[in-house]
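Colleague: Dropping the structure in here first, questions after.
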Amino acid sequence: MQIVRGIEELKEARKTLEGSVGFVPTMGALHHGHLELIKRSKSENDYTIVSIFVNPTQFLPGEDLDSYPRREEADRKICEIAGVDILFMPDSADIYGEDEVTLKAPSYLGYILEGSRRPGHFDGVVRVVMKLFGLTRPDRAYFGKKDAQQLVILQKMVDDLFLPLQIVPVETVREDDGLALSSRNLYLTPQERQKALVISRSLKRASRLVMAGELRSETIKEMMYKMMEEIEVEYVEIVDRAFRPLDRVEIKNTIILVAARVGKTRLIDNIWL
Ligand code: PAF
């Protein structure tokens, strides 16, 4: 595995790759969810590039940029064992310059739900991902369905800008007890972790309700809020694949989303129906 930090070094390394390239952008603190993305990329491409960059432009003032888990040594080993070809670990000064041309997230998709709680977050995401795509020039890029809104926005970016690559959505990986894997789970105390389980349980219950024929969004949301009374729920939303709110679940075109705080940790999860 080649470890690359500088932009020129990456460009040189990229030039040597003849064949298809899969790209897995990450912010590090790698877990099994990331491993799934890497595995999928390896199975579909000749080469796999992983980036680890805690992108400052997607954090709002007061968010966890400084405390975001950084585990460079462990991440390096994980990538090595997983068979990654190039691991790109730039510094912020390598990625960002002064008075740049920038991209913005779409005004609807980028500013509802996660975007309304974290205004500007998705501007930072599209900005960095576009740069990373420019550098790695992938044939396919892999993103988890857990960050559903991010995934839909990045798919739209690829469509709107006619980028010659495919976005590949990958299923959320969960612990045996249902907790969706996230680097931010590291912030949870054992008691908080236990409390957080109610999020995935409420999504599972919602999916069972739908399977039993209950399609009314209000009824499903009411049940979910009730189940999650013990934690601080920010929102439960039922939307279609373009993130338009749905009054009734549409099978194969629905995402049920939850954002909640457990202690100081903000968690998101969802289910695609
Ligand atoms: O999902 C993430 O880890 C980040 O938002 C991403 C896509 C790596 C951009 O910084």
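Colleague: Please tell me the relative contact order of the chain in percent, rounded to the nearest whole number, where contacts are Cα pairs under 8 Å and at least six residues apart.
Modeller: 17 percent
Colleague: Just flag the GluC sites (Glu not before Pro) in the range 1-37 sitting in loop per DSSP whose Cβ has no more than 15 other Cβ atoms within 10 Å.
Modeller: 18
Colleague: Also, I was wondering about something else. Modelling each spin label as a point 7 Å along the Cα-to-Cβ direction, I'd like the residue 235/residue 2 distance in nm, to one decimal.
Modeller: The modelled label-to-label distance comes out at 4.2 nm.
Colleague: If you take the charge dipole of the range 1-117 about its Cα centre, with +1 on Lys and Arg Cβ and -1 on Asp and Glu Cβ, which of 69, 45, 10 is farthest toward its positive end?
Modeller: So the residue furthest toward the plus end is 45.
Colleague: Select from the range 140-172 those chymotrypsin sites (Phe, Trp or Tyr not before Pro) which occupy a DSSP coil region and have at most 12 other Cβ atoms within 10 Å, ordered by residue number.
Modeller: Loop-located and lightly packed - 162.
Colleague: Cut-off 10 angstrom, C-alpha nodes, Gaussian network model of the chain. Which of 73, 214, 98 fluctuates the most?
Modeller: 98
Colleague: May I ask you to compute the full-extension gain from residue 161 to residue 219, defined as 0.36 nm times their residue separation minus their alpha-carbon distance, rounded to one decimal in nm?
Modeller: So the extension gain works out to 17.0 nm.
Colleague: Relative contact order for the range 213-254 using alpha-carbon pairs under 8 Å, separation at least 6, rounded to a whole percent?
Modeller: 42 percent
Colleague: Please list 39-48, 254-263 highest first by mean number of surrounding beta-carbon atoms within 10 Å per residue.
Modeller: In descending order of packing, they fall as 254-263, 39-48.
Colleague: Right, here's the next one. Take the chain, connect every pair of alpha-carbon atoms lying under 10 Å apart with a spring to form a Gaussian network, then pick out the residue of 154, 246, 203 with the largest mean-square fluctuation.
Modeller: With Cα springs under 10 Å in the chain, the top fluctuation among 154, 246, 203 is at 246.
Colleague: At 7 Å along the Cα-to-beta-carbon direction for both residue 60 and residue 108, put a label point, then send me their distance in nm to one decimal.
Modeller: 2.2 nm
Colleague: Of the beta bridges DSSP finds with both residues in the chain, what % are antiparallel, to the nearest 5?
Modeller: Around 50 percent of the beta bridges assigned by DSSP in the chain are antiparallel ones.
Colleague: Another question about this same structure. Using only helices, what value at 222 nm comes out for the chain when you add -39,500 (n - 2.57) per DSSP H run of length 4 or more and divide by the total residues, to the nearest 500 deg cm²/dmol?
Modeller: -11500 deg cm²/dmol
Colleague: Would you be so kind as to identify which of 178, 133, 263 lies farthest towards the positive end of the dipole of the chain, taking Lys and Arg as +1 and Asp and Glu as -1 on Cβ and the Cα centre as origin?
Modeller: Farthest towards the positive end: 178.
Colleague: Shifting gears a bit: How far, in degrees from 0 to 90, does helix 217-227 lean away from the longest principal axis of the Cα atoms of the chain, to the nearest 10?
Modeller: Compared with the principal axis, the helix lies near 90 degrees.
Colleague: Same structure, new question: Relative contact order for the range 1-89: what is it in percent, counting Cα pairs under 8 Å that are at least 6 residues apart?
Modeller: It rounds to 43 percent for the range 1-89.
Readers should treat all values here as calculations from the given coordinates under stated rules, not as data from a laboratory. Since we're looking at a predicted model, the values are computed, not measured. Reconstructed Cβ throughout: ideal geometry from the backbone, glycine too, with neighbour counts over all protein chains shown.
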